[in-house]
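The values are calculated or read from the model by the stated rules, or taken from the named source; none is laboratory data. Here the structure is a predicted model, which means the values were calculated and not measured. Heads up, the Cβs are rebuilt from the backbone with ideal geometry, glycines too, and the neighbour counts pull from every protein chain shown.
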Amino acid sequence: MQVAASLKSTRKPTNLSLDSALLKEAKALGINVSRSAEAGIAEAVRMHKQEKWLKENAIALASSNSYVEANGLPLARHRQF
C-alpha cells in the first residue's frame, strides 16, 4: 500500500528516455505511462529495500535458523497444529 501513499505525495515532472516503440504501443493501449513508470519504480525500490534488509540481517537470520535447527522451535510443545 506504499504506492497509494506515494500517489498522494507531491508529484514532480520528470524526463525519462523510453523505447519509442514501447511508448507508442502503450499509448495505443491507453496505458497511463506516468503511473505505470511510477508503479515500476516503486516496485524496484521495494525490492531493493528488501534485498538490503536481508543482507544487513543475514547474520541474525542465520543465527536464528541455526538455533532452531539445533534446538527446535521455542514453545513448540504448545503448538496446536
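Table for the structure above
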quantity: Residue in the stretch 54-80 that is modelled with the lowest pLDDT, counting only those that are in a helix (DSSP H, G or I) and either β-branched (Val, Ile, Thr) or in contact with a Phe, Trp or Tyr (Cβ under 9 Å, 6 or more places away or on another chain) (or both); calculated: Val68
quantity: Pairs, first within 25 Å of Ser9 (Cα to Cα) in the stretch 42-63, second part of a helix (DSSP H, G or I) and hydrophobic (A, V, I, L, M, F, W, C), C-beta under 7 Å, six or more apart; calculated: Ala42/Val3
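Yes/no per residue for (1) closer than 30 Å to Asn65 by Cβ; (2) over 15 Å from the mean Cα position of the chain (by Cα); (3) assigned to a loop (DSSP other than H, G, I, E, B):
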{"site": "Lys12", "(1), (2), (3)": "no, yes, yes"}
{"site": "Ser17", "(1), (2), (3)": "no, yes, yes"}
{"site": "Ala21", "(1), (2), (3)": "no, yes, no"}
{"site": "Lys27", "(1), (2), (3)": "no, yes, no"}
{"site": "Ser34", "(1), (2), (3)": "no, yes, no"}
{"site": "Gly40", "(1), (2), (3)": "no, no, no"}
{"site": "Glu43", "(1), (2), (3)": "yes, no, no"}
{"site": "Met47", "(1), (2), (3)": "yes, no, no"}
{"site": "Lys52", "(1), (2), (3)": "yes, no, no"}
